[in-house]
Amino acid sequence: MAICQMEGLGLGSARFTKMVVSFLIAFFLLYMLSLVYRSSTFDLIGGFSRAIGTGEMAGNDTGASVPEDKHSSQPTRVVVDKLLGGLLAPGFDEESCVSRYQSSLFRRISPHKPSSYLALKLRKYEDLHKRCGPHTESYNRTLKELSSSPINGTTDCSYVIWTPANGLGNRIISMASSFLYAFLTNRVLLVDLGIDMAGVFCEPFPNTSWLLPMDFPLSNQFFGLRSGNDHSYGHLLWKNNMNVSTVSQPPPFLYLYLSYNYDDYDKLFYKDQNQGFLQNVPWLILKSDQYFAPYLFLIPSFQQELGRLFPDTETVFHHLVRYLFHPSNQAWGLITRFYHSYLATADQRIGLQVRVFNRKASPIKVVLEQILGCIQKEKLLPKVDEEKQIATSSKNRTSRAITIASLYPEYYESIKNMYWMKPTVNGDVIGVYQPSHEEFQQFGNNIHNIKAWAEINILSLSDVLVTSSWSTFGYVAQGLGGLKPWILYVPTGDKTTDQPCPRAMSMEPCFHFPPNYYKNTGTRRRLDTASLAPHIRQCEDASSGIKLVNDKPL
């Protein structure tokens, strides 16, 4: 028995030794295979990065921004940040709004990060909107205040209702401003998009809606909302000799008329001492076609909070427009099909937006000369070679795609023919494209607005952007793209200007018609805006306007 046990032990040791040796051999083989696999994986990743960098894989140009003095779309790294640095909330149904999380695949990564405080406050606002949004218990309770006189104050929610004025660009910049005001005053923003903006945007807030219900009791009065309305804040001030302290009880609702043609009483909305009174009005119904956000920075009671939300003051619209406005799936389809067809493989994308307000005052030939003068002076595109018919062969030539957004086809046709009929002096290949030419701006047309929104987004995908002076369409594109555009001065008359397109000092829109500040002297001389706040300047394209700039180095 003992001999058998010893033989069994010897046999077990031999088997154990073989198992150890086999294990070591297998481990060595697996280790070698892992090295090979890792190398091939890195090659795949490198190839993917190179494809993104060269545009070989459409829709994935997400590298870091290049220096401003180089007109190149070549990214230096691949980063996909679908939440935009915490600006967006996770958890939306991605299929219902593909663009919300996919748009980061099409743009270079923004160097402008939202502050952590802004992200935190946006999450708190989303909770507020969910609690107070349409048809909630709080909403229904506040709705009863409209018929209460005096108001009973039994609700914990208050609202800003935005109503539309003018074209899509005006609507977007005024909606963004209205949201910022609601955000600062702890109100819920509801929007009356009407029929001509249906299907343009996705819902911006999770698990709720920002659409004003169709059965809102005052909806039929919105169309006639204008300066001097009996229920407007300006009219209330006029009746009470600009002294709201004499008003015994705040009304259940007030109209805020802040469009370009508002009167001096309407403008008193911006007086800090009047904000406390407005805070007690449950429903504020606002009409504006202006980007009035810059003036909120001049209201003392808002300044500290705005400083914490936006440490870089030229990023206000950049963050707001990317947070609020996501193309609907229908609009996103237009955007991505155009991108894949014409822009994806280009080394550089140039956006040119031409807005002519009066075609008789600005002849086509003169505007075209101004455009070409801008392109040549700023070296945004190469010149054509008048002496040659065939471009010099070069392996290092650059392909550039120009998207022209205009109501009219003539500028596109002229620039396309210029680069088709002659080669460029450096051999670059130039493609010129125009998504549409509607001929005139159409109000009340839903499809027109969807196409306009698509073109704004296409422009925002550019590496280099030229916009037209005074154009809110261009303002939205530059904000979405985080771009400081060259501003094309559209000439009036038969002469071009010596400075066809100066560079914008910031990517912020211009507030075209702000209230004026005057010194307390008999001269009524307008104050220099820089003396009011270091981060506010006179607009480049509108001498009457003001805009936000970054007043300190980042």
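The values are calculated or read from the model by the stated rules, or taken from the named source; none is laboratory data. Because the structure is predicted, anything quoted here is derived from the model rather than measured. Quick reminder, even Gly has a Cβ in these numbers, built from the backbone with ideal geometry, and neighbours come from all protein chains shown. With ligands, DNA and RNA removed, areas are computed over all heavy atoms of the protein, side chains included. Shrake-Rupley method; radii C 1.70, N 1.55, O 1.52, S 1.80 Å.
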If you wrap a convex hull around the Cα atoms of the range 169-214, how much volume per residue is inside, in Å³? 83 Å³
Expressed in angstrom and rounded, the centroid-to-centroid distance over alpha carbons for the range 179-205 and the range 235-253 is 27 Å
For the range 245-322, count all C-alpha to C-alpha pairs, find those more than 21 Å apart, and express that count as a whole percent of the total. 38 percent
Give, rounded to the nearest 20 debye, the magnitude of the charge dipole that the range 101-314 has about its Cα centre when Lys and Arg contribute +1 at Cβ and Asp and Glu contribute -1 at Cβ. 440 debye
In order through the range 404-419: 3J(HN,Hα) via Karplus (6.51 cos²θ - 1.76 cosθ + 1.60), integer Hz, x for Gly, Pro: 9, 10, 7, 6, 10, x, 5, 5, 4, 4, 5, 5, 4, 5, 4, 7
Cα-Cα P(r), the range 312-442, percent of pairs per 5 Å interval: 2, 8, 15, 18, 18, 16, 12, 7, 3, 1, 0
Whole-percent carbon and sulfur share, accessible surface of the range 101-314, 1.4 Å: 50 percent
Cross-link pairs beyond the 20 Å C-alpha cut-off, checked among Lys383/Lys422; Lys82/Lys451; Lys239/Lys271; Lys144/Lys267; Lys267/Lys547: Lys82/Lys451; Lys144/Lys267
What residue among Asn426, Ala477, Ile404 has its Cα farthest toward the positive end of the dipole of the range 383-481, where the charges are +1 on Lys, Arg and -1 on Asp, Glu, each on the Cβ? Asn426
Charge dipole magnitude, Cβ of K and R +1, D and E -1 - the range 174-270, Cα centre, debye nearest 20: 240 debye
Simple Cβ-charge dipole of the range 329-507, Lys/Arg +1 and Asp/Glu -1, about Cα centre, in debye nearest 20: 200 debye
Could you pull out every residue, at least 5 positions away or on a different chain, whose amide H is within less than 5 Å of the one on Asp428? Hs are placed 1.01 Å off N in the peptide plane, and Pro or chain starts have none. Thr398
Of 323-329, 275-281, ordering from highest average Cβ density within 10 Å down gives 323-329, 275-281
Amide proton proximity set for Gly228, modelled H, under 5 Å, gap of 5+: His235
Mind listing the long-range amide H neighbours of Val549? Cut-off is under 5 Å, sequence gap 5 or more, other chains count too, H placed in the peptide plane at 1.01 Å from N. Ile536, Arg537
Mind listing the phi-derived Karplus ³J(HN,Hα) values for the range 167-182, rounded to whole Hz, using 6.51, -1.76 and 1.60 with θ = phi - 60°, and x for any glycine or proline? x, 4, x, 4, 5, 5, 5, 6, 5, 4, 5, 5, 5, 4, 5, 4
Using the Karplus equation 6.51 cos²θ - 1.76 cosθ + 1.60 (θ = phi - 60°), what ³J(HN,Hα) coupling, rounded to whole Hz, does each residue of the range 454-460 give in order, writing x for Gly and Pro? 4, 5, 4, 5, 4, 4, 5
